[in-house]
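The values are calculated or read from the model by the stated rules, or taken from the named source; none is laboratory data. None of these values were measured; they are calculated from a predicted model. Methodologically, a virtual Cβ is constructed for each residue, glycine included, from the backbone with ideal geometry; neighbour enumeration extends over all protein chains shown. Remember, those area values only see protein heavy atoms, side chains included, never the ligands or the DNA or RNA. Shrake-Rupley method; radii C 1.70, N 1.55, O 1.52, S 1.80 Å.
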Amino acid sequence: QVPLVESGGGLVQAGGSLRLSCTCTGSTFDINQMAWYRQAPGNQRDLVAQITSGGITNYADSVKGRFTISRDGAENTVYLQMNSLKPEDTAVYYCHADVTYWHDSFPSYGWGQGTQVTVSS
C-alpha cells in the first residue's frame with residue numbers, strides 16, 4: 001500500500017472552482033501513474049483523470065475541458081484543478097497511485113483517504 005495524503009475539497013457553488021492535491025509520501029520509488037477517481041453515494045468509483053510519468057493525461061468525458069490534472073514530480077504530488085463545477089460533480093474524490101519501489105520489480109498501488117467535494121446549485 002502506497003501512502004498518500006490528500007488535501008483540498010469542500011463546498012462550492014455551481015460554476016466555482018476547487019483544487020485537490022495528493023502527495024505520495026516517501027522517496028524510494030518511481031511513480032508510474034497517478035489518477036483521481038470519484039464516488040457519489042450509491043455509485044461505483046469512476047476514473048476522473050489520470051497522468052503518466054511522461055505527462056500523458058486522460059480524462060473522463062464528463063470533465064473534459066473543465067478539469068485539469070497535473071504533476072509536480074519533485075514533490076511527488078498530483079493536482080486536480082476543477083473549474084466550472086456542476087452539482088453532478090459532487091462526490092468523494094480519491095487519489096490513486098501506481099509506483100514501483102526501487103527494491104521491487106513489480107508495481108505497488110495505493111489510495112488516498114478521500115476528500116468530499118460538494119457543489120451546490
Out of all the residues in region 77-114, which are in a loop (DSSP other than H, G, I, E, B) and either surrounded by fewer than 21 Cβ atoms within 10 Å (Cβ to Cβ) or of a type in the set (D, E, K, R) (or both)?
83, 84, 86, 90, 102, 103, 104, 105, 106, 107, 113, 114
Please go through (1) modelled with pLDDT under 95; (2) within 26 Å of residue 15 (Cα to Cα) for residue 107 and return the number of the only condition it doesn't satisfy.
(2)
Restricted to region 36-72 and to residues being basic (Lys, Arg) and open to solvent by 60 Å² or more (accessible area, probe 1.4 Å), the residue modelled with the lowest pLDDT is 71
